[in-house]
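Enquirer: This is the structure I have questions about; it appears just below.
The numbers here are math on the coordinates, done by the rules we state, and not lab data. Everything quoted here is computed from the prediction, not taken from an experiment.
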């Protein structure tokens with residue numbers, strides 16, 4: 001995830017999640033379309049996870065796909081970064 005963010009000139013500041021989704025706090029340049037960043041994060045992570053955990057992941061796929069085609073992205077401008085990071089840190093770790 002960090003390498004993908006770096007390719008976009010972005011910085012992954014926090015990563016966590018639950019059994020069925022993940023939370024990322026990313027600082028990215030305004031010129032970067034969030035849809036392109038998210039699609040790249042999902043694509044690269046799916047390829048990596050399939051290579052490493054193909055047999056284990058088979059029961060978790062969404063019609064053959066690791067990630068749902070949807071995502072939620074929200075701006076936290078104005079919220080103290082420490083509060084957002086604390087929220088993400090307090091989520092459960094992804095299954096694995």
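Enquirer: Taking the 0 to 90 degree range and rounding to the nearest ten, how far is the long axis of helix 34-57 tilted relative to the main principal axis of the chain, both from C-alpha atoms?
Expert: 30
Enquirer: Relative contact order (percent) for the chain, with alpha-carbon contacts under 8 angstrom and 6 or more residues of separation?
Expert: RCO, the chain: 39 percent.
Enquirer: Just from its helices, what would the mean residue ellipticity at 222 nm be for the chain, if runs of 4 or more DSSP H residues each count -39500 (n - 2.57) and the sum is divided by every residue, rounded to the nearest 500 deg cm²/dmol?
Expert: -13000 deg cm²/dmol
Enquirer: Rg (Å, one decimal) plus Dmax (Å, integer) for the alpha carbons of region 2-89?
Expert: Cα-based Rg and Dmax for region 2-89 come out at 14.0, 43 Å.
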